[in-house]
Amino acid sequence: MARILVFTLLFFLLQSNVFGLSITYEGFECQSAIDTEDPTQNSATSVQSRFEVIEDSGGGVYRLRLTGGIPRFVDNNRTVCIDKATAIGYSGISGDDVIPQPLDSIDATAYFNGQELIIVVSSMYTDLSAGRYPFSAFSTSRIFTFTNTLVFKFNPLTSSFSLIKLLRNRGFTQTDGSMNSSIPFLETVLPSFNKEVGDKPRILTPFAAIEYKLEE
């Protein structure tokens, strides 16, 4: 009964006073910016993964702001780092020689039913490798699209959210061409390119405990 009472009180607190609430996880930034299969930590750079409520859309749906990045881990490995480069990514509009820039934060969408919290984050990463070559050949930058779905279980006794699943997918686009070819350009569009071309989105379960603390 005590557990049910605590859960009920915290649930109504979340429903009635969500603005200013956030969940945070402390860790170290990933050593590799782009390799999502490498959870090696950069022990010199501590970072905080933070999801902050910015809008209550009703019905348990919320808009969040992500800063810092999200946990990166692989199967059967207790090492966890925080991936900022791909989880937050780049943004930019062409013109006036402006190139895409890395973002400091990105919006996310969440659903909370009092027991489970589901957060979806979509981002884009570019290697800024676009160029023109001899004989009028050209290629655009390699652009990776990321979608991360984080599934948490709420623990009302500790006011924390345990990450229990991470669904991750990476897509890829690039255009190559030459003005001297009968085919002016070729486009590569891969909706799923995680470990290899055309593979399936990854479904990952953390081997180590990843606890996000509820803060005001």
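The values are calculated or read from the model by the stated rules, or taken from the named source; none is laboratory data. It should be emphasised that the depicted structure is a prediction, and the values quoted were computed from it without experimental measurement. Heads up, the Cβs are rebuilt from the backbone with ideal geometry, glycines too, and the neighbour counts pull from every protein chain shown.
Scanning region 142-179 for residues that are among the aliphatic types (A, V, I, L, M) and over 15 Å from Phe73 (Cα atoms) yields Ile143, Leu157, Met179. Among residues of region 194-206 that are under 14 Å from Ile164 (Cα atoms), those with a beta-carbon under 6 Å from a residue that is aliphatic (A, V, I, L, M) at least six positions away or on a different chain give the pairs Ile203/Leu167; Leu204/Leu166; Pro206/Leu163.
Condition test on Thr86, is it in contact with a Phe, Trp or Tyr (Cβ under 8 Å, 6 or more places away or on another chain), assigned to a helix (DSSP H, G or I), polar (S, T, N, Q) and modelled with pLDDT of 90 or more? Spelling it out, Thr86 is indeed in contact with a Phe, Trp or Tyr (Cβ under 8 Å, 6 or more places away or on another chain), assigned to a helix (DSSP H, G or I), polar (S, T, N, Q) and modelled with pLDDT of 90 or more. With respect to the conditions (1) polar (S, T, N, Q); (2) over 20 Å from Ala209 (Cα atoms); (3) surrounded by 15 or more Cβ atoms within 10 Å (Cβ to Cβ); (4) under 20 Å from the mean Cα position of the chain (by Cα), Ser141 lacks only one, and its number is (4). Can you give me the number of residues within region 80-121 that are polar (S, T, N, Q) and touching a helix residue (DSSP H, G or I) at 6+ places or on another chain (Cβ under 6 Å)? Total meeting the criteria: 0. Determine if region 92-104 includes at least one residue that is under 18 Å from the mean Cα position of the chain (by Cα) and under 15 Å from Ser49 (Cα atoms). Checked against the condition, which is being under 18 Å from the mean Cα position of the chain (by Cα) and under 15 Å from Ser49 (Cα atoms), region 92-104 yields at least one hit.
Tally up the residues in region 18-67 that are in a strand (DSSP E or B), farther than 14 Å from Phe112 by Cβ and hydrophobic (A, V, I, L, M, F, W, C), please. Looking only at that region, the number is 6. Taken together, Tyr62, Tyr125, Tyr111 contain a single residue that is touching a Gly at 6+ places or on another chain (Cβ under 6 Å), in contact (Cβ under 8 Å) with a residue 24 or more places away in the chain, of a type outside the set (A, V, I, L, M, F, W, C) and surrounded by 20 or more Cβ atoms within 10 Å (Cβ to Cβ), which is Tyr125. Do we find that Thr79 is modelled with pLDDT of 95 or more and surrounded by fewer than 16 Cβ atoms within 10 Å (Cβ to Cβ) in this structure? Yes; evaluated as a whole, the condition is true for this residue. Within region 102-126, being part of a strand (DSSP E or B) and among the polar types (S, T, N, Q) holds for Ser105, Thr109, Ser122, Ser123, Thr126.
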